[in-house]
Amino acid sequence: MSQRLLYLLSFCFLLIGKSYAQPGIKNERGVTPQKDTTATKGNTYAIIIGISNYKVVPDLQYAHKDAQAFEDFLLTDAGGKIPKANIETFLNENATRNNVGDAISVIARKAKTGDRVWFFFAGHGDMEDLTQIENGLLLLHNSPNGNYFGMNDDVLEILDLKRYLSPLSQKGIEMIFIVDACHSGNLTGGVEGSKQTGSALMSSWGKEYKILSCQPDQLSLESAEWGGGRGLFSLELEEGMKGLADTDGNGKITMFELQTYIQANVAKYSEFKQIPMVSGDLSKSFFKVDPTILAALKKQKAANYPMLAPANTKGNEEKYIDSLDPAGKKIYYSFSKNLEEKKLIWPKDTNALRDYKAFVKKYKNNPLVTTMRRNLATGLNERFNTIVAPILKGETSYSSRDECYVAAAELDSCLRLLGEQHYMYANLRGRYLYMKAMSLTWALTETEYNISLKPAVDKSIKWLEESEKLEPNAAYTVAGLGSLYFYQYEYEKAFTKFQKYLDLRPNDFYSKFSLSRIYLKLKQFDKAASLLEKLIAENPGFSSLYFNLSEAYDHTDNPVQALAAARKIVDSLKDKANGYFAIGVHYSRLNNIDSAVHYYRLSKKESTDQLETQLFCDNNIGSIYMMNKNFDSASYYFNLCLKKDSTFPTALYNLSIIEGTNKNYIKSIDYSIDAINGSQPLEEIFLTHLDLFLFKKMLIADTVQYEEFKKKVYVFNTQYACYTGILYCYLRDYRLSGMSDKIELIVSKMFDFKQHDVFTWYHYACYKALKKDKKAALSAIEKSMKLGFGNYFMLTSDSDLDFIRSTQEFKTLLQKYFPEESKKNVKKK
C-alpha cells in the first residue's frame, strides 16, 4: 500500500433548531407513519463536482472518484434513475467557474415546484480573508492558492450558492447539498478559514437538506484503505444510500437512518476523528433500496480485504514539525528514518516503535502522534501484506518460516500499538495467528512431513482455526487449513476447506487457478485436471493452464492427453515457443532424450529474441543429458547458456555438479561460488535424481524404490543447493576433507537457510558419519528426523551413513519415526 492517507480539513457546522427531529409526526396517539417520499412529483437534477487534480492548489487523491461514484449511484434505480441529461458532472480540469456557473444558472431557471436538485461537491474549500465571517469558497480547478480578491477566479462563493440555490427550496423544490470540501494545511485561510466556511455553508438558508463530512475542527479522511481509494465520508455515504443504512428493513432510507449510519461508520473507521453531520427534516425518505444492488454490495464487502494505509497531513505535517523543540525534532526524524529503513521493532536500541513511544511520552497531545501511529501500524503490516499478496492473486509466495515469524512479531506489536478498540483489531489478530501458524508450517511439503511434525502441525491448525473465526473469508487461511488437514489425513475437512476457498473467489480466475495449483502440489492430479479443463473452457487463451494440465495428465499416467495439452499451446494459441517448451518438458518427464531435445530446439528457434526462453531451453537440454550421465553433451549446453549470460546461476550450478561428479572438486566449488553470486536471494531450483547432485553412492536393494527416488522432485533455494554441493566437494576430496574449520563454516552457511534445516541436519549427519563421529552423527540424524526428514530410502541406502546404519541407536530411530516402513523391512528380511 504505497498510496498516502490525506488529512483533509472539511467544511463542518453546528446543527441548530429542528435538525434533530425524529422520523414521523407526533399526534395525540403517537407517531403517524409518513407516506413514501422517495419519489419526486417532478424532475430530478444534479450538479456534481469532484476535483483531485488542481492547477495551483495542492492536489487531493480521490475526490474525483467520489464524485463519479455519486453520479453512478444516481443513475441506478436505488438513486432514482435520474436521466443522464439531467446530470451535470464536472471532474478535475472540467470543474471551472464558467462550466459550473452555467449549470447552476440553468438549473435555477429550469427547476419547478415538485422537482429535486442534488448538489455534490468534493474538493478544497477556503476563505477570501478573515473579515468575511459569513462567507467561504469552494475552490475549482484553476483556483489560486490564496489572494482571491475580486472573486473573478475559479472559486464558488458560499453566498452565491445561497443566492442562486436556496430560494429554490422556498418554491417547493427539494434541495440537497452534499459537501466534502477539504482543506489542506498549505491553503491561506487555515483552521479559521475552515470554521468560517463551514459556518457559512451550514447557516440556515431555508428548507434545504445538508450533509457534510465532519464536525468543526475535524479532518476528513481519504485513503487507498477504503474502497480501493476513496474518501471515507463519501464511501460510507454511498454504501448507506445503497441500503446498508436501512436499519428497519422497510426498503426505504430516511435521512435519520442515513445520518445514524454514516456517523457510526465514519467515526468507527476514522477512530472517532471524523463525524459527519446532517441537517433538514430527518424523517424524509430519499432512497429506495434495490435488493439486487444491496445484495451485490454485501457480497463485495464480505469478500473485502481490509488493509491499513499510510497517513499524510498534506502541509500540516511541516507546521507541526517546525513547532517542536530540538529534542522533539530529533525523535521525530529518527522515527521517520527508521520507518523508511524498515527498522520497525528491531534492532532493540534503535527502531521506529521505540521512537514512537519516546515521542508520545514527551508530546502526547501533539497532532503528529496520530500520523506517526498510523504510519507505524501500516509499516508493521507491510511484511504480512507482501507475503500474502501473491496468494490472493493465485501466485506463488516465495517466503520462509523465518519471514513468517518476523511478520507475526510485527503484527503482535501492531496489535499492542492500536489496542483492542481499533476497528481492524479482529482482522489484525487473525493475521497475527495466521503468521504464527505459518512460522511453523510455511511451505511444508508432503515429502518433508512425517509423524514427528504432528505436534507442530496440530499447533498450526489450532492457530489457523482461531484465525478463520476472526477473518472467516481470508482465502490464504482457508487454503492453509486445507493443506494441513490433508497432511493429517483428514480428507473430508481438507476437501471442505478447498471448496470454501473456491466459493470465496468464484469469479476470480486467479483463485481458481491457485486452487488447481494447490491440487497439483497435494498430488490430487485428477481434481487438478478437472478444474484446469473448466478453466481452459472459460479462459482458452491462457497458456499456463495448458502447461499445468499437461503436468497433471503426466502424473495420472495419461501421456496422450498430457501431450495433447502441450500441443494446444502450439496449435490453438499459436504460441510456438512456449508450446514446444511444454512438449519438451513432457518428454523430459518421460526421459525421452531425443524428443525432449528436439522440441527444446524448436522452442529456441521460435524465440530468437527471448533470452530467458533461450537460456531455459539450453539448460533443460543440458539437464536431460546430465540425468542420463552424458556429461559432455550436458556441459556443451550449459556453456551455451553462459555464452549468452555468464551469470546464469542454474547453468553454473549444473556445471558444478558435472565437475564434482568427475571429481574435479576445486573447479566444482568455483562454479558453485559463481552461481551463489549470480543468483537472487529467493531464487529456487527444482532437482530430481538427488543422489547425482550430492555425489552420493546409493546402496540399491530395491530398484523400484530407487527409480521412484530418482523421479522425486525437490525444491531448494539455489544458493542453499550450491552450499550443499560445496560441502560434499569438501567431504569427497581428500585434500579438503581435513579442513574441519572450513567445513563447519559451510554448514553454518547452510543453517542460514532455515527453511532447509531438515536437510542441513541430514547432511551434517553424513559429514559426522564420514568422520567416524558416532555420537554427533546420531544426534544430527535424530534432529533431522524430528524436524520432519521423511525420506526412508535415503536413510537406508545412503552409503555416507554406513558408519552408523548398523548401530542399534540408528535402528531405534528408524523404528520410532518410520514404524510402518521398518516393519515392512523386517518382513522382507
Checklist entry - For the chain, what proportion of DSSP beta bridges, expressed in % and rounded to the nearest 5, is antiparallel? => result 50
Checklist entry - Simple spin-label model, 7 Å along Cα-to-Cβ: GLU533 to ALA302 in nm? => result 3.0
Checklist entry - Accessible area of THR254, 1.4 Å probe, to the nearest 10 Å²? => result 20
Item to check | Share of pairwise Cα separations in segment 314-370, more than 17 Å, in percent | outcome: 34
Checklist outcome for this item: With Cα coordinates, the longest principal axis of the chain makes an angle with the long axis of helix 491-504, in degrees rounded to 10, of 40
Checklist entry - Computed over the Cα atoms, what is the radius of gyration of segment 514-563 divided by 2.2 N^0.38 Å, N being its residue count? => result 0.99
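Once the Cα gyration tensor of segment 598-644 is found, what semi-axes does its equivalent ellipsoid get, as square roots of 5 times the eigenvalues, in whole Å, sorted largest first?
In descending order, the three semi-axes are 19, 11, 7 Å.
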Item to check | Linear extension gain, THR76 paired with LYS171, 0.36 nm per residue minus alpha-carbon span | outcome: 31.5 nm
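By how many nm would the segment from PHE542 to GLN705 grow when fully extended, if each residue of separation counts as 0.36 nm and the alpha-carbon distance is taken off?
55.0 nm
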Checklist outcome for this item: Taking Cα atoms, the helix 326-340 axis meets the longest principal axis of the chain at an angle in degrees (rounded to 10) of 50
Checklist entry - At a probe radius of 1.4 Å, what is the per-residue accessible area of ARG589, in Å² to the nearest 10? => result 100
Checklist entry - If ligands, DNA and RNA are left out, what is the accessible area of VAL713 with a 1.4 Å probe, given in Å² to the nearest 10? => result 80
Item to check | Gyration tensor over alpha-carbon atoms, segment 390-521, equivalent ellipsoid semi-axes in Å | outcome: 23, 18, 14
Checklist outcome for this item: The Cα extents of segment 317-422 along the principal axes, largest first and rounded to whole Å, are 49, 28, 24
Checklist entry - Taking only Cα atoms, what is the 0 to 90° angle, nearest 10, from helix 425-441's long axis to the longest principal axis of the chain? => result 10
Checklist outcome for this item: Check: C-alpha center segment 687-713 vs C-alpha center segment 99-121, spacing in Å is 81
Item to check | Accessible surface ranking that places the most exposed of LEU232, LEU770 first, with a 1.4 angstrom probe | outcome: LEU770, LEU232
Checklist entry - Put +1 on the Cβ of each Lys and Arg and -1 on the Cβ of each Asp and Glu in the chain; which of THR254, VAL106, THR445 then has its Cα farthest toward the positive end of the dipole? => result THR445
Checklist entry - Hey, got the Cα dimensions of segment 462-562 along the principal axes, in Å, largest first? => result 45, 29, 16
Next on the checklist: Is the C-alpha gyration tensor of segment 645-690 telling us rounded, prolate or oblate? Criteria: a/c under 1.5 is rounded; beyond that, a/b larger than b/c is prolate, otherwise oblate.
Outcome noted: oblate
Checklist entry - In percent, how large is the relative contact order of the chain, given Cα pairs closer than 8 Å and 6 or more residues apart? => result 8
Checklist outcome for this item: Relative contact order in percent for segment 313-405 (Cα pairs under 8 Å, 6+ apart) equals 22
Next on the checklist: Looking at the chain, identify the longest residue range that excludes and avoids all chymotrypsin sites (Phe, Trp or Tyr not before Pro) in DSSP loops having at most 13 other Cβ atoms within 10 Å.
Outcome noted: 490-733
Next on the checklist: Using only the alpha-carbon atoms of segment 716-829 as identical scatterers, what base-10 log of I(q)/I(0) does the Debye formula give at q = 0.12, 0.13, 0.15, 0.18 Å⁻¹?
Outcome noted: -0.42, -0.49, -0.65, -0.90
Checklist entry - Tally Lys/Arg at +1 and Asp/Glu at -1 over every other residue whose Cβ is under 9 Å from the Cβ of ASP691; what's the total? => result +2
Checklist entry - What percent does the relative contact order of segment 508-567 come to when contacts are Cα pairs within less than 8 Å and at least six residues apart? => result 28
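Enumerate by residue number the trypsin sites (Lys or Arg not before Pro) in segment 539-578 meeting two conditions: DSSP loop (anything except H, G, I, E, B), and at most 15 other Cβ atoms within 10 Å of the site's Cβ.
For trypsin sites (Lys or Arg not before Pro) across segment 539-578 that sit outside H, G, I, E and B with at most 15 neighbouring Cβ atoms in 10 Å, the list reads LYS574.
If you take the square roots of the eigenvalues of the alpha-carbon gyration tensor of segment 550-594 and sort them as a ≥ b ≥ c, do you get rounded (a/c under 1.5), prolate (a/b over b/c) or oblate?
It is oblate, given that a/c is not under 1.5 and a/b is not larger than b/c.
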Next on the checklist: Net charge around CYS729, counting only other residues with Cβ within less than 12 Å of its Cβ (Lys, Arg = +1; Asp, Glu = -1)?
Outcome noted: +2
Item to check | Net length gained if the chain between ASP102 and THR370 were fully extended (0.36 nm per residue, minus Cα distance) | outcome: 92.3 nm
Checklist entry - Which whole-angstrom value gives the distance between the alpha carbon centres of segment 554-628 and segment 760-803? => result 37
Item to check | Zero-based 10 Å bins, Cα pair distances in the chain, whole percents | outcome: 2, 11, 17, 18, 16, 13, 10, 7, 4, 1, 0
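The values are calculated or read from the model by the stated rules, or taken from the named source; none is laboratory data. These figures come from a predicted structure and were not determined experimentally. Every residue, glycine among them, receives a Cβ derived from its backbone with ideal geometry; neighbour counts consider all protein chains shown. In case anyone asks, the SASA skips ligands and DNA or RNA and just uses the protein heavy atoms, side chains included. Shrake-Rupley method; radii C 1.70, N 1.55, O 1.52, S 1.80 Å.
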